[in-house]
Amino acid sequence: MRKFIAFAYLLLPLFALPQQVKTPIPVTEVAHNVYRLFVNNAVAVVAFKGDEGLLIVDTGYERTANDLKEKLSEVSEKPLRYIVNTHIHGDHTGGNQALGNGVDIISHQNVRDYLSRDKVQGERSMPALPKFAQPNITFTDRMELEFNGQLIQLIHLPSGHTNGDIILYFPESNVLVVGDLLFANNFPYVDVGNGGNPFKYFENVGWIIDNFPNDAAVVGGHGPVFTIEEYGNWKSSLEKTFDVLREHKLNGLTAEQMKQQRVLKEWESFGKFFITEDRWIDTLFPFL
Ligand SMILES: [Zn+2]
């Protein structure tokens, strides 16, 4: 009997498992036929629909891919024709495998290089994606894609967030999709280990602001959709943190002392998402 009870307890968690919780993916219309799907209220996927089918920019996490797929079928009944990956990170490429079968996948050349090799990160090993989930159309500088009546511009901006960042501009919709060159209302993550640089990051943001219409909608990888003006304000606010930290460094403070003194307290609200005040200090310190 005791044996049976022990066995029953072992089984209990199996029966008590709640129904699989669906990922929240709120959908907003950014422009006619252009939607933002905000996967788990954390990472943006952009969907562009039309007669020829569906194009999406980024694919969210691996674990949210099936829920994303379901949401996309509500956005358009047409088949998915193109996936564009703005850069290498798993919250932007994780759904490639679930969504990419039979679909053309476009990215910068460095993104394909990264996704096609086995990687070890600390204790975690990340195998290469299967061939069909890797980008099959790549470029190094610029490309244009004519789809659903728009000549979509894809532009590589070097060494900002990673070494393979691309942005997209949809001219008829007047929508810019800038990937992780925007963490709206937050400190950005700069992946220095994969070729990112905080100075180049904001240089690239400045280039985007200068080269597209000032009434364009800006969809970043994280945070709300911005106007060009808001994008500019975000940039200037963060560039002030460079000055603050540089001055403290000149006065002999170490990164640890800056953290203890909370020298970026004024930017407190920017530290609530992924990169905290302390991590932003660590990011900038070696570059000052
Ligand atoms: Zn990223």
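The values are calculated or read from the model by the stated rules, or taken from the named source; none is laboratory data. This is a predicted model, so every value here is computed, not measured. Because the Cβ atoms are built from the backbone with ideal geometry, glycine has one as well, and the counts that use them run over all protein chains shown. With ligands, DNA and RNA removed, areas are computed over all heavy atoms of the protein, side chains included. Shrake-Rupley method; radii C 1.70, N 1.55, O 1.52, S 1.80 Å.
Assorted remarks:
- Residue satisfying all of: in region 107-138; in a strand (DSSP E or B) and of a type in the set (S, T, N, Q); least open to solvent (accessible area, probe 1.4 Å) among these: 107
- Selection count, region 140-175, where residues are touching a helix residue (DSSP H, G or I) at 6+ places or on another chain (Cβ under 7 Å) and among the hydrophobic types (A, V, I, L, M, F, W, C): 2
- Residues of region 174-224 that are within 14 Å of the ligand (Cβ to nearest atom), in a helix (DSSP H, G or I) and open to solvent by 20 Å² or more (accessible area, probe 1.4 Å): 192, 193, 194.
- Only one of the numbered conditions (1) more than 16 Å from the chain's Cα centre (by Cα); (2) crowded, with 16+ Cβ neighbours inside 10 Å; (3) assigned to a loop (DSSP other than H, G, I, E, B) is violated by residue 102, and that is (2).
- Hits in region 225-241 (condition: assigned to a helix (DSSP H, G or I) and either without any contact (Cβ under 8 Å) to a residue 40 or more places away in the chain or in contact with a Phe, Trp or Tyr (Cβ under 8 Å, 6 or more places away or on another chain) (or both)): 228, 229, 232, 233, 234, 235, 236, 237, 238, 239, 240, 241
- Only one of 238, 245, 250 that is more than 17 Å from residue 182 (Cβ to Cβ) and crowded, with 17+ Cβ neighbours inside 10 Å: 245
- Filtered residues of region 153-173 (kept if part of a strand (DSSP E or B) and either in contact (Cβ under 8 Å) with a residue 24 or more places away in the chain or within 11 Å of the ligand (Cβ to nearest atom) (or both)): 154, 156, 166, 167, 168, 169, 170
- Filtered by the rule that a residue be out of contact with any Asp or Glu (no Cβ under 9 Å at 6 or more places or on another chain), of a type outside the set (A, V, I, L, M, F, W, C) and at pLDDT below 95, region 119-147 gives 119, 121, 122, 123, 124.
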